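Step one of this worksheet: look at the structure below.
The values are calculated or read from the model by the stated rules, or taken from the named source; none is laboratory data. Computed from a prediction, not measured in an experiment: that's the story for all the values here. In this analysis, Cβ positions are derived from the backbone assuming ideal geometry, glycine residues included, and neighbour counts consider all displayed protein chains. Only protein heavy atoms, including side chains, enter the accessible area calculation; ligands, DNA and RNA are left aside. Shrake-Rupley method; radii C 1.70, N 1.55, O 1.52, S 1.80 Å.
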Amino acid sequence: MILGAGDIGGALARQLAAIDLVSRIVIVDELANIAAGKALDVAQSAPVDRYHTTMAGTADVAAVVGAVVIVLADTAQPVAEWKDEAGLALIKRAAGLNQRAPIICAGTAQATVIERGVNEAGISRMRLFGSAPEALRSAITAIVALEAAAAPADISLSVLGRAPQQIIVPWDEAAIGGRCATQVLSAAQLARLDARIARLWPPGPYALASAATRLIRTALTRTPRTHAALVAVTRDEGVAGKSAMMPITLKPEGIASLVPPSLSTRDLVRFDTTMRT
């Protein structure tokens, strides 16, 4: 179930259909004709790309009943992410109609929706979270690969904090080709990477759709893979009521666990400062 037929919603429908993981995708938007049109466009490419996912578009939010995953995307016209009061009202309604499915916020401006959804609407933080940090992590991986002259597949790293100005990459924990990143990259290279990271935010619609698709596939297939996600913070982790990027593992119902990163003293101070402000 995709809430919104905007750029993110349309790209997500296409990518999620193409991996042939779910039997049916419904796009919900107030402009039902646009939702139906995008659903038809994706459905018509099925014979070409040989996937079997059926598509539908509607204006009825009640279509979330029975969905295995709900994604909060963006509206069709004007194209804009579901956020603030309107976004909160939508996820509250969706969560009331479907009390089991995880709700993934795919956009970059939905931190408030996650925070208020957990703290005001009472939705479990293990069920309501954001996928945009995974797109950021992929972008960081790409520039690290260029800096290290390595393949992106050989790079493993975590992303913590809050975008765009409080992004922390624990380089002592990151690995490049099986070696610690600090052994492969010089201090000057790491400083150069840290200076570039904030400019990678916000990711574009296709990157955001890819990130949401990646998390959905991991959750539904129960793959033991760690992703970066935006989650509501508890009092033990920082300022209760806020959200932050943290590593997670997934299960079909949502977040399976938060993965505590192994941080150096410097990164621990930075992370604690970020979480307490």
Scanning the range 159-175 residue by residue, those more than 10 Å from Asp267 (Cβ to Cβ) and open to solvent by 10 Å² or more (accessible area, probe 1.4 Å) turn out to be Arg162, Ala163, Pro164, Gln165, Gln166, Ile167, Ala175
Given the structure, is Ala244 in contact with a strand residue (DSSP E or B) (Cβ under 7 Å, 6 or more places away or on another chain), in contact (Cβ under 8 Å) with a residue 40 or more places away in the chain and within 22 Å of Trp171 (Cβ to Cβ)? yes
For the subset of the range 67-92 comprising residues that are among the charged types (D, E, K, R) and within 15 Å of Ala132 (Cβ to Cβ), which member is most open to solvent (accessible area, probe 1.4 Å)? Lys83
What are the pairs with Cβ atoms under 7 angstrom where one residue, in the range 200-227, is more than 21 Å from Gln165 (Cα to Cα) and the other, located anywhere, is open to solvent by 20 Å² or more (accessible area, probe 1.4 Å) and in a helix (DSSP H, G or I)? Sequence gap at least six, or different chains. Ala209/Gln15; Ser210/Gln15; Thr213/Gln15
For the range 9-34, what are the residues that are open to solvent by 20 Å² or more (accessible area, probe 1.4 Å) and under 25 Å from Pro78 (Cβ atoms)? Arg14, Gln15, Glu30, Leu31, Ala32, Asn33, Ile34
For the range 11-50, name all the residues that are hydroxyl-bearing (Ser, Thr, Tyr) and over 24 Å from the mean Cα position of the chain (by Cα). Ser45
Going through the range 35-59 one residue at a time, which ones are under 19 Å from Val79 (Cβ atoms) and in contact (Cβ under 8 Å) with a residue 40 or more places away in the chain? Ala35, Gly57
Checked Leu97, Leu146 against criteria (within 22 Å of Val22 (Cβ to Cβ), over 20 Å from the mean Cα position of the chain (by Cα) and surrounded by fewer than 23 Cβ atoms within 10 Å (Cβ to Cβ)); the one match is Leu97
Looking at (1) surrounded by 24 or more Cβ atoms within 10 Å (Cβ to Cβ); (2) more than 23 Å from Phe129 (Cβ to Cβ), find the lone condition where Ala56 falls short. (1)
Any residue in the range 158-186 that is without any contact (Cβ under 8 Å) to a residue 24 or more places away in the chain sitting within a Cβ distance under 6 Å of a residue that is open to solvent by 60 Å² or more (accessible area, probe 1.4 Å)? List the pairs, counting only those 6 or more apart or interchain. Ala175/Ser156; Thr182/Asp172
Considering each of Ala181, Ala132 in turn, give the residue that is closer than 20 Å to Ala106 by Cα, open to solvent by less than 10 Å² (accessible area, probe 1.4 Å) and among the aliphatic types (A, V, I, L, M). Ala132
Test result for Leu88, more than 19 Å from the chain's Cα centre (by Cα), modelled with pLDDT of 95 or more and not aromatic (Phe, Trp, Tyr): no
Looking at Ser124, is it in contact (Cβ under 8 Å) with a residue 12 or more places away in the chain and over 23 Å from Lys38 (Cβ atoms)? yes
By residue number, the members of the range 190-234 that are open to solvent by 40 Å² or more (accessible area, probe 1.4 Å) and either in contact with a Phe, Trp or Tyr (Cβ under 7 Å, 6 or more places away or on another chain) or farther than 26 Å from Val118 by Cα (or both) are Ala191, Arg192, Asp194, Ala195, Arg196, Arg199, Leu200, Tyr206
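Does the range 262-273 contain at least one residue that is within 21 Å of Leu128 (Cα to Cα) and buried (at least 16 other Cβ atoms within 10 Å of the Cβ)?
No, the range 262-273 has no match at all.
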